[in-house]
Amino acid sequence: MANNLNLGYNSRRIMASIRASGSQSRADLARSLGVNPATVTRLTTTMVGDGLLTEKVDPRRRGLKGYPAKILKIEPTGLYSAGVYLDPDRIRTCVINAAGEIMANDELALPDRSFQSVMSAAAKSVKEQINDLRLDQNRVAGCGVSYPGQYTEDSLRVQRIQQFKDWPNVSIEQDLLKPYFGMPVKHANDAKTACLAELYHGVCTDVEDFCYIWLSYGIGGGAVIGGNLHLGRVKGAGEWGGLFPKSNSRPSGQDLFDTLKKACVPIGKLNDIGLEHLKMPIVHSWRERAAKQIQWLCLVIARTFDPKTIVIGGTLHPQILDGLVEHMVQVSLLGDDYQHSLPNIVRASRDDLPELGAAALPIHDVTNPTAYAGKANKGW
């Protein structure tokens, strides 16, 4: 990785502040971060020189006497990242810039569900995108990979879901992924990367505390606390699906599959669910039951995490997800004993691009102060 991507703790604080609050002057940064203006000037001058930040005249100062103040913003071309999202039906890949703009993306059918075939196809797609864009490899922070599955006691090992049952049960991050992609690789499950997509590029860019309910084949999720993706002891924080006993019906895509199958309406994959299915009485009943279960889950989240915002998203049909949010907006009380106002419950804005969350992993790793592994000089 290039030296200009090895940001120190304080430079990361500057990046995080600009990302959350928008373009700022050096004086604004000094005030908001509570640091010496000379220190901000020294760090931002280096970051501008490295191409990570850019500056322009503050339009609020245009025409005023004195030296025109400059405002700083993140330079989109200063940093790039690749993302790979996998589920049992497809591969989605992309390359994004530092502003979260998708420079290239693709969707591929799974060649088959073997580990080697899937990773080879994903890596080939990513490499072609980077080459076609003629990117400076020194500005590519790495590749993020996400696919469904919960972590085991070993934080680098992910339990295999049923559809990927033949994948090797080894450390996918250190041992198996990097040789395919030829660059630093970061991994998180699909729900955790969905959190990052909303934190960096979605409905929660200015929200430091939120929880995410991710509805796909299963039920996943995550929590962001103080602007940091909270993973917990074994990266299991926010795995809401485990709160629903597997012996009972759950508001998951697999449960909807089973419901349709019992009605002799077999569905091959989530993408096959269309408007004709949503109009069926049995699906209408399923949606009503799912809405009540999600309401209960929101109560549990409110009681335990007490977040400012709860985000609902996933790969279920958009109308199903929209309906869940509409149900929650109309609820006056989460529960009889919950007398507080409801958290802000919103629809995810980037779940239509799940590869975006995967691509946010390397950018998070090199720019977020909470991901800094060195010694933090918080006193500047």
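Once the range 68-78 is narrowed to residues that are in a loop (DSSP other than H, G, I, E, B) and out of contact with any Gly (no Cβ under 9 Å at 6 or more places or on another chain), the residue that is surrounded by the most Cβ atoms within 10 Å (Cβ to Cβ) is 69. The residues of the range 195-213 that are open to solvent by 10 Å² or more (accessible area, probe 1.4 Å) and under 17 Å from residue 355 (Cβ atoms), listed by number, are 199, 200, 201, 202.
All of (1) at pLDDT below 95; (2) farther than 24 Å from residue 165 by Cβ; (3) not aromatic (Phe, Trp, Tyr) hold for residue 105 with one exception: (1).
I need the strands (runs of 3 or more DSSP E) fully contained in the range 79-127, keeping only those with at least 3 residues that are in contact with a helix residue (DSSP H, G or I) (Cβ under 6 Å, 6 or more places away or on another chain), within 21 Å of residue 194 (Cα to Cα) and in contact (Cβ under 8 Å) with a residue 40 or more places away in the chain. Break it down into steps so the answer makes sense when it comes.
Working: elements: 80-87, 90-97, 102-109.
Result: 80-87, 90-97.
For residue 290, the conditions (1) outside any helix (DSSP H, G or I); (2) under 21 Å from residue 327 (Cβ atoms) are fulfilled apart from (1). Evaluated against (1) more than 30 Å from residue 15 (Cβ to Cβ); (2) of a type in the set (A, V, I, L, M, F, W, C); (3) open to solvent by less than 10 Å² (accessible area, probe 1.4 Å); (4) modelled with pLDDT under 95, residue 191 falls short on exactly one condition, (1). Of all residues in the range 323-363, those being touching a Leu at 6+ places or on another chain (Cβ under 6 Å) and either of a type in the set (S, T, N, Q) or within 17 Å of residue 196 (Cα to Cα) (or both) number 3.
Scan the range 242-257 residue by residue and report those that are part of a loop (DSSP other than H, G, I, E, B) and either within 20 Å of the chain's Cα centre (by Cα) or surrounded by 15 or more Cβ atoms within 10 Å (Cβ to Cβ) (or both).
We begin by selecting, within the range 242-257, every residue part of a loop (DSSP other than H, G, I, E, B); these are 244-252.
Of everything in the range 242-257, those that are part of a loop (DSSP other than H, G, I, E, B) and either within 20 Å of the chain's Cα centre (by Cα) or surrounded by 15 or more Cβ atoms within 10 Å (Cβ to Cβ) (or both) turn out to be 244, 249, 250, 251, 252.
For every residue, the table says whether it meets (1) part of a helix (DSSP H, G or I); (2) surrounded by fewer than 20 Cβ atoms within 10 Å (Cβ to Cβ); (3) out of contact with any Phe, Trp or Tyr (no Cβ under 8 Å at 6 or more places or on another chain).
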residue: 327; (1), (2), (3): yes, yes, yes
residue: 334; (1), (2), (3): no, no, yes
residue: 339; (1), (2), (3): no, yes, yes
residue: 346; (1), (2), (3): no, no, yes
residue: 349; (1), (2), (3): no, yes, yes
residue: 362; (1), (2), (3): yes, no, yes
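Applying the condition of being open to solvent by 10 Å² or more (accessible area, probe 1.4 Å) and farther than 13 Å from residue 359 by Cβ to the range 79-102 and asking which residue is modelled with the highest pLDDT yields 90. Scan the range 212-247 for residues that are polar (S, T, N, Q) and touching a Leu at 6+ places or on another chain (Cβ under 6 Å) and report the count. Adding up the residues that qualify gives 0. Looking only at the range 227-241, residues that are outside any loop (DSSP other than H, G, I, E, B) and open to solvent by 40 Å² or more (accessible area, probe 1.4 Å) come to 2 in all.
Scan the range 258-274 residue by residue and report those that are open to solvent by 90 Å² or more (accessible area, probe 1.4 Å) and among the hydrophobic types (A, V, I, L, M, F, W, C). Result: 264, single match.
Restricting the first member to the range 222-237 and to residues that are under 19 Å from residue 300 (Cβ atoms), and the second to residues that are open to solvent by 40 Å² or more (accessible area, probe 1.4 Å) and in a loop (DSSP other than H, G, I, E, B), the beta-carbon pairs closer than 6 Å and six or more apart or on different chains are 223/305; 225/209; 237/231. For the range 303-315, a residue qualifies if it is surrounded by fewer than 22 Cβ atoms within 10 Å (Cβ to Cβ) and farther than 20 Å from residue 227 by Cβ, and exactly one does: 303.
Kindly indicate whether residue 146 is closer than 20 Å to residue 191 by Cα, in contact with a Ser or Thr (Cβ under 6 Å, 6 or more places away or on another chain) and among the hydroxyl-bearing types (Ser, Thr, Tyr). Taking the combined requirement at face value, the residue satisfies it.
The values are calculated or read from the model by the stated rules, or taken from the named source; none is laboratory data. Quantities reported herein were computed from a predicted structural model and do not represent experimental measurements. Positions of Cβ are backbone-derived with ideal geometry, glycine not excepted, and every protein chain shown enters the neighbour counts. Note: accessible area is taken over every heavy atom of the protein model, side chains too, but ligands, DNA and RNA are not part of it. Shrake-Rupley method; radii C 1.70, N 1.55, O 1.52, S 1.80 Å.
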